[in-house]
1. Of these, GLY35, GLY66, which one is in contact (Cβ under 8 Å) with a residue 24 or more places away in the chain and under 16 Å from the mean Cα position of the chain (by Cα)?
2. What are the residues in the range 96-107 that are open to solvent by 20 Å² or more (accessible area, probe 1.4 Å) and either in a strand (DSSP E or B) or touching a residue at least 60 places away in the same chain (Cβ under 8 Å) (or both), if any?
3. Mind checking which strands (runs of 3 or more DSSP E) fall wholly inside the range 1-70 and carry at least 2 residues that are open to solvent by less than 60 Å² (accessible area, probe 1.4 Å)?
4. Against the definition (within 20 Å of LEU18 (Cα to Cα) and either among the hydroxyl-bearing types (Ser, Thr, Tyr) or at pLDDT below 95 (or both)), how does SER109 come out, yes or no?
5. Condition first: outside any loop (DSSP other than H, G, I, E, B) and under 30 Å from GLY15 (Cα atoms). Now tell me which residues in the range 108-123 satisfy that.
Amino acid sequence: QVQLVESGGGSVQAGGSLRLSCAASGRTFSSYAMGWFRQAPGKEREFVAQISTTGGSIYYADSVKGRFTISRDNAKNTVYLQMNSLKPEDTAVYYCAASRSPRFIRPLSFDYWGQGTQVTVSS
């Protein structure tokens, strides 16, 4: 079992940056692939990015490629999402998730979810 707590959300103008963090409990963080998802009002949750256990493999959604960077620090049990060049359409609640899957594939099944952090981008 792992518990996930996101932080770092907030309000920013278009073109700005935010860095989201997701802190995980437990001593097995390094054994989980991690991901970020988002859900805008009235829309389904969508995939943003995922990172393998060592950080050596990463996937991004096309909508964020080149603007967002996912990373992890296994010593700190934390995964990050650096978001640059933010657009109003990036406005959503952002969730981090952990996967126990032994294979790093797309789509990946995620087993644990955080509560989310709000990101609002104004034009």
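The values are calculated or read from the model by the stated rules, or taken from the named source; none is laboratory data. None of the values given here were measured: they were computed from a predicted structure. No Cβ is skipped: glycine too gets one built from the backbone with ideal geometry, and neighbour counts run over all protein chains shown. For the accessible areas, the whole protein counts, side chains as well, though only heavy atoms, and no ligand, DNA or RNA atoms are used. Shrake-Rupley method; radii C 1.70, N 1.55, O 1.52, S 1.80 Å.
1. Values: GLY66 fails: in contact (Cβ under 8 Å) with a residue 24 or more places away in the chain.
The match here is GLY35.
2. If we filter the range 96-107 for residues that are open to solvent by 20 Å² or more (accessible area, probe 1.4 Å), which is where we start, we get 100-107.
Those that are open to solvent by 20 Å² or more (accessible area, probe 1.4 Å) and either in a strand (DSSP E or B) or touching a residue at least 60 places away in the same chain (Cβ under 8 Å) (or both): ARG100, SER101, PHE104, PRO107.
3. Values: elements: 4-7, 10-13, 18-24, 33-39, 46-51, 58-60.
Those strands (runs of 3 or more DSSP E) span 4-7, 10-13, 18-24, 33-39, 46-51.
4. Working: within 20 Å of LEU18 (Cα to Cα): no; either among the hydroxyl-bearing types (Ser, Thr, Tyr) or at pLDDT below 95 (or both): yes.
So SER109 does not fit the description; no.
5. First, the residues of the range 108-123 that are outside any loop (DSSP other than H, G, I, E, B): 112-113, 117-122.
Selection gives TRP113, THR117, GLN118, VAL119, THR120, VAL121, SER122.
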